[in-house]
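The values are calculated or read from the model by the stated rules, or taken from the named source; none is laboratory data. The model shown is predicted, which means the values in this text are computed figures rather than measured ones. Neighbour counts run over all protein chains shown; Cβ positions are idealised from the backbone, glycine included.
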């Protein structure tokens, strides 16, 4: 099937090349701003770990700055500029921006499909020089960011993939020339430095682009969807049903499968809005499991379950949220902080 789609990937690539060339030549105009703008993006279509890095970056900058996050707000039913509040529904702001707002109570989160217009609105409403973290805007060429951080999932290096629709790349590796920093996500925690150096050479087009490595770390405390907490170590005694609607559930399944007595899973599409039929399916699957049993889901899914219908079907069940965070390997944390603060110091 992939071979049949390759000609369409060539056409898509030609259109991308023409578009990027017109921007590179200045025929299509890019707009820059007098505030620090940091883009966290990717070449892949979803599932690279942008939200964990945005949360990490916002927390890091929050020690000395007052960062704001601007996202497209994928999956929302609204249009235009909107500030995300903790009481929003996913339909108003999108599930990932709402998740970030709940995770980052000291940061401001906004959504706007037109990032240039979004930055203009933030600047007019909040004239202070906030660092702006832009989620998934690497291909938004109308905007010229001050710092471009490009993410690459460890198990899906760019050189082994194809452009859409034959593969998962929304842009070819020629886009690397616009990157200032590459962060490889979802790396094995025990990755050796020798292997990381070899991997770096296979994915970057220039040795001038720093490559940092990060991994996923799951938190020990599981938060109940409605109440209570549970230790992840207790999963060793439980039959676990994991349900999620995320782009790449494989790392989650691997982790849970290695830490519980027995695991089953229900996989939904990314950003999936849970219907009554979905909730009934989850409940029935749980009821068919042997005791003791628990349900696990992600923080991103949890924001789509904060409604009366989900409470009606799942409210009396032991549903827990497993939280994860990004951690840098080797000396990546200090290198990342130095790169960010070196850029931001220009605006002091």
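Results for (1) farther than 21 Å from residue 185 by Cβ; (2) without any contact (Cβ under 8 Å) to a residue 12 or more places away in the chain; (3) surrounded by fewer than 21 Cβ atoms within 10 Å (Cβ to Cβ), shown as yes or no for each residue.
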residue	(1), (2), (3)
11	yes, yes, yes
14	yes, yes, yes
18	yes, yes, yes
23	yes, no, yes
31	yes, no, yes
36	yes, no, no
42	no, no, no
66	yes, no, yes
69	no, no, no
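Just to be sure before I move on: is residue 206 in the same structural domain as residue 266 (by TED's automatic domain parsing) and without any contact (Cβ under 8 Å) to a residue 60 or more places away in the chain in the structure I sent? Give the steps one after another, and end with the answer.
Values: in the same structural domain as residue 266 (by TED's automatic domain parsing): no; without any contact (Cβ under 8 Å) to a residue 60 or more places away in the chain: yes.
When the stated conditions are applied, residue 206 does not pass them.
Before we move on, is residue 75 out of contact with any strand residue (DSSP E or B) (no Cβ under 8 Å at 6 or more places or on another chain) and surrounded by fewer than 17 Cβ atoms within 10 Å (Cβ to Cβ)?
Here the answer is no, as residue 75 does not meet what is asked.
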Restricting to segment 121-144, name every residue that is over 23 Å from residue 60 (Cα atoms), touching a residue at least 40 places away in the same chain (Cβ under 8 Å) and out of contact with any strand residue (DSSP E or B) (no Cβ under 9 Å at 6 or more places or on another chain). 141
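Every residue, every condition in (1) on the phi > 0 side of the Ramachandran plot; (2) buried (at least 23 other Cβ atoms within 10 Å of the Cβ); (3) at pLDDT 95 or above, yes or no:
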position	(1), (2), (3)
85	no, no, no
90	no, yes, no
106	no, no, no
134	no, yes, yes
Please go through segment 148-183 and pick out each residue that is assigned to a helix (DSSP H, G or I), touching a helix residue (DSSP H, G or I) at 6+ places or on another chain (Cβ under 6 Å) and buried (at least 19 other Cβ atoms within 10 Å of the Cβ). 158
Checked segment 232-248 for anything in a loop (DSSP other than H, G, I, E, B) and either surrounded by fewer than 17 Cβ atoms within 10 Å (Cβ to Cβ) or within 20 Å of the chain's Cα centre (by Cα) (or both); matches are 245, 246, 247, 248
Looking only at segment 249-304, which residues are assigned to a helix (DSSP H, G or I), farther than 17 Å from residue 238 by Cα and either under 18 Å from the mean Cα position of the chain (by Cα) or in contact (Cβ under 8 Å) with a residue 60 or more places away in the chain (or both)? 250, 251, 299, 300, 301, 302, 303, 304
Quick check: is even one residue across segment 119-129 touching a helix residue (DSSP H, G or I) at 6+ places or on another chain (Cβ under 9 Å) and surrounded by fewer than 23 Cβ atoms within 10 Å (Cβ to Cβ)? yes
Residue satisfying condition, being over 26 Å from residue 12 (Cβ atoms), in the same structural domain as residue 339 (by TED's automatic domain parsing) and touching a helix residue (DSSP H, G or I) at 6+ places or on another chain (Cβ under 8 Å), within set 241, 225, 212: 212
Regarding segment 188-203, can at least one residue be identified that is in the same structural domain as residue 39 (by TED's automatic domain parsing), over 30 Å from residue 346 (Cβ atoms), surrounded by 14 or more Cβ atoms within 10 Å (Cβ to Cβ) and touching a helix residue (DSSP H, G or I) at 6+ places or on another chain (Cβ under 7 Å)? no
